Each structure stands twice: as structure tokens, then as C-alpha cells.
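What follows draws every value from the coordinates through simple rules; no lab data is involved. In this text the structure is predicted, and so the values were computed from the model without any measurement. Neighbour counts run over all protein chains shown; Cβ positions are idealised from the backbone, glycine included.
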Amino acid sequence: MKKMEKAGLIVLSITLFVATFLLSACAHVETTSESAPGIAYEIPPGVEITKISYYLKRIEGSTKLFFDVGLKNTTKEAHVYRLSLFLNEGPSGSIMYPIKGQLAPGKELVQNFLLFHDLLPKGYTVLVEVYD
């Protein structure tokens, strides 16, 4: 009887783990500047944010928050941008656009990056700076 109970607990544990993983893997949100409260943008002239989405992804044994952000250079010169993202919950991160070289005029680049946070944010601030 104890072997049956142990087997049942193992099956239940595996089922709960898989369900939790699937729910966290499906959590994906896209926002626009008009859509969600608690979201702020500080963007200089000559650059557009073309995409922002965030999702939870299981990596190295734990769930992490990832952002996909697209920037477009609308100036007539190539530039390097620094994108900083500040979560209302406290964590923050920055990334260079592009990581190497410069973003050519009229070009768009979507990059993803990891924030060491395990929950979907309630709000965030996006700060873009020209970094030449």
C-alpha cells in the first residue's frame, strides 16, 4: 500500500510541475505606448520603439523574465543606443543597440535580454539614450 501511495505522489508532483511550467511558458505580453497603465517611455528624437514584449522562460532550473525590444533609427546618421529598462518592482537592466557596431539609418533591430526577475512586471519604464 505504501508503494502505491508513493507512486501516486510522484505522479501528482510531476503533473503539478509540468502544469506550472506550461503556464509560465505561455505567459507572454505585448504592449504599446497607448495600452497599459504603469508603463512609461523616455525616448529621444530620432529613435522609435517598434516592439516591446516580455515573457517568463525557464532557464537553468529557474524561471526568468525576458524582454524583446525593437528600436528603429529614424535619423540620417548611424548611432549606438543604450536601452535601460526599470521594473516597478525594483530590478533593472540595460543593453546596447546594437551590441557591436552602429544601427544604420532607417534600420530596425529587435534584441532580447534577460532580467533576473521571476514574475511578470506590474509596470516598467523604458529609457533610450543615444550612446555615440
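Assuming 0.36 nm per residue, please report the length gained on full extension of the stretch residue 100 to residue 120 beyond their Cα-Cα distance. Intermediate results must be reported in sequence, preceding the final value.
Numbers: separation 20, 0.36 × 20 = 7.20 nm, distance 2.92 nm.
Here the segment from residue 100 to residue 120 would lengthen by 4.3 nm.
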Practice problem: Using 0.36 nm per residue of separation minus the Cα-Cα distance, give me the extension gain between residue 77 and residue 50 in nm, one decimal. | Solution: 7.9 nm
Practice problem: Over segment 29-130, consider all pairs of different Cα atoms and compute the Kirkwood hydrodynamic radius from their mean reciprocal separation; express it in Å, one decimal. | Solution: 14.0 Å
Quiz item: Fewest first, what order do 86, 67 take by the number of other Cβ atoms within 10 Å?
Solution: 86, 67
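What net charge do the residues around residue 116 carry, taking every other residue with its C-beta under 12 Å from that of residue 116, with Lys and Arg at +1 and Asp and Glu at -1?
-2
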Self-check item: Dipole magnitude of segment 29-130 about its Cα centre (Cβ charges: Lys, Arg +1; Asp, Glu -1), debye to nearest 20
Solution: 260 debye
